[in-house]
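Report on the structure given below.
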Ligand code: BTN
């Protein structure tokens, strides 16, 4: 495993077990959990050299009752998934591909809130390691100098009025070089190395991301979306600007006013009415 040396996890208090396909399951030892009983994210890790998609593997684990907070990481993905059925460029050894298994007691309508929670955690970790404040483009694209540096794919299984599990898959372009991006995303994507001109240690970045995800998720569970929203809005630059949004119902435009308590974007339309967008993508 090139991404994270296993011995390092052992030193951090994890027990290690080899699993198929070619990977490791790391479990935080009970004496460590006793010291930090409140920790949610990172009690269990699954590490793989290469798999199709960390979200797909997390889905299988979650169906098998894998506990909340489990993290699936791969050094490369063969079929990395982006939003709207797109492919996520996932070369080996340079970036981070990670999925968090979450089991919040919320209704399926509130699931998009976890996009904001994950985006805030990713933005904070990026700012911490790179010293550059990224922009969050509603709901969860992370940009530096208007180019995409990280993306989030949320998937959910629910029954009746209750979320069974939510998978928050995050891909961060860390050390990939400009010339390595495929032609179709070359002008749209960037990496932390391109933006800072410096090599970024993936292990250190991963640690920051897991800590931020744990902290943001616990704040969300104990206080709800409001405190997350306050911090999230601070990373967004669209307020008062005209935006065009692709929604499941088609395109819509308006002035970006605010995000409400459910995480929906409020758009001021030409005739003065306010449109509430629950899911979509700013163009
Ligand atoms: C987007 O289109 O912006 C979302 C990209 C999400 C990519 C991540 S990489 C880790 C996880 N596994 C996947 O297959 N996709 C997500």
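Coordinate-derived values only; no laboratory data. These figures come from a predicted structure and were not determined experimentally. Please note: Cβ atoms are built from the backbone with ideal geometry, for glycine as well, and neighbour counts cover all protein chains shown.
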Of the residues in the stretch 83-107 that are without any contact (Cβ under 8 Å) to a residue 40 or more places away in the chain and more than 27 Å from residue 160 (Cα to Cα), the one that is farthest from the ligand (Cβ to nearest atom) is 87
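Among the listed residues 18, 93, 42, 23, identify the single one that is surrounded by fewer than 17 Cβ atoms within 10 Å (Cβ to Cβ) and under 25 Å from residue 175 (Cα atoms). Spell out the reasoning first.
Values: 18 fails: under 25 Å from residue 175 (Cα atoms); 42 fails: surrounded by fewer than 17 Cβ atoms within 10 Å (Cβ to Cβ); 23 fails: surrounded by fewer than 17 Cβ atoms within 10 Å (Cβ to Cβ).
Result of the check over 18, 93, 42, 23: 93.
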field: Test result for residue 114, assigned to a helix (DSSP H, G or I) and either farther than 12 Å from residue 205 by Cβ or more than 16 Å from the ligand (Cβ to nearest atom) (or both)
entry: yes
Filtering helices (runs of 4 or more DSSP H) wholly in the stretch 156-241 for at least 2 residues that are surrounded by 14 or more Cβ atoms within 10 Å (Cβ to Cβ) and within 14 Å of the ligand (Cβ to nearest atom) gives 202-223
Residue pairs qualifying under the 6 Å Cβ cut-off, at least six apart or on distinct chains, with the first in the stretch 165-181 being under 14 Å from residue 100 (Cα atoms) and the second being away from the ligand (no atom under 13 Å from the Cβ), are 165/62; 165/103; 165/157; 166/102; 166/111; 166/114; 166/156; 168/114
ask   = Does residue 112 meet the test of being within 13 Å of the chain's Cα centre (by Cα), surrounded by fewer than 20 Cβ atoms within 10 Å (Cβ to Cβ), over 21 Å from residue 63 (Cβ atoms) and touching a residue at least 24 places away in the same chain (Cβ under 8 Å)?
value = yes
Filter the stretch 54-82 for residues that are closer than 24 Å to residue 193 by Cβ and near the ligand (Cβ under 8 Å from one of its atoms); the one that is surrounded by the fewest Cβ atoms within 10 Å (Cβ to Cβ) is 82
Among residues of the stretch 247-257 being surrounded by 14 or more Cβ atoms within 10 Å (Cβ to Cβ) and either within 23 Å of the chain's Cα centre (by Cα) or in contact (Cβ under 8 Å) with a residue 60 or more places away in the chain (or both), the residue farthest from residue 68 (Cα to Cα) is 256
